[in-house]
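Every read-out reported here was derived from the displayed coordinates using simple, explicitly stated rules and does not represent laboratory data. Predicted, not measured: the structure shown is a model, and the values here were computed from it. Methodologically, a virtual Cβ is constructed for each residue, glycine included, from the backbone with ideal geometry; neighbour enumeration extends over all protein chains shown.
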Amino acid sequence: MLIPAAQYLTYAEAVQLYNELLAAEINSLVKTCGPPSFPFGDGIWYQLLIEEADADAARELVVHFEAQRTSLTVLRCPRCGAPDPQLLARPGFWRRLYYAGTTLYRCAGCGRNFSA
Ligand SMILES: [Zn+2]
């Protein structure tokens, strides 16, 4: 049975983890996840699936990868942790005042607006 080893990866992260697992002789399957992207309908993020039998062997690698991942400068939603929020193009007037000096983003996963 296939189980997810890591989810909500950007394409670059998925490739990196795939290669790290492969180096440890663990085969993984990369699939998209998250809300569908336009116009292809695939998820906008990636997940890595591994055989359940490989889970123990992969755990240490994945834990290390996750720790490294949080130190990457990928902006993440403070609510759901999804990467790559979209720039909020034209925030309303009161928001421009409230968030003056920061950049507004909108999470594609949960729709939350936040500044960074
Ligand atoms: Zn979110």
Please go through segment 29-39 and pick out each residue that is small (G, A, S) and either more than 19 Å from E66 (Cβ to Cβ) or more than 17 Å from the chain's Cα centre (by Cα) (or both). S37
Quick check on my filter: what residues within segment 1-10 are at negative phi and either surrounded by 18 or more Cβ atoms within 10 Å (Cβ to Cβ) or assigned to a strand (DSSP E or B) (or both)? L2, I3, P4, A5, A6, Q7, L9
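Out of E20, E13, I need the residue that is over 19 Å from A57 (Cα atoms) and either assigned to a helix (DSSP H, G or I) or over 14 Å from the mean Cα position of the chain (by Cα) (or both). Which one?
Working: E20 fails: over 19 Å from A57 (Cα atoms).
On inspection, the qualifying residue turns out to be E13.
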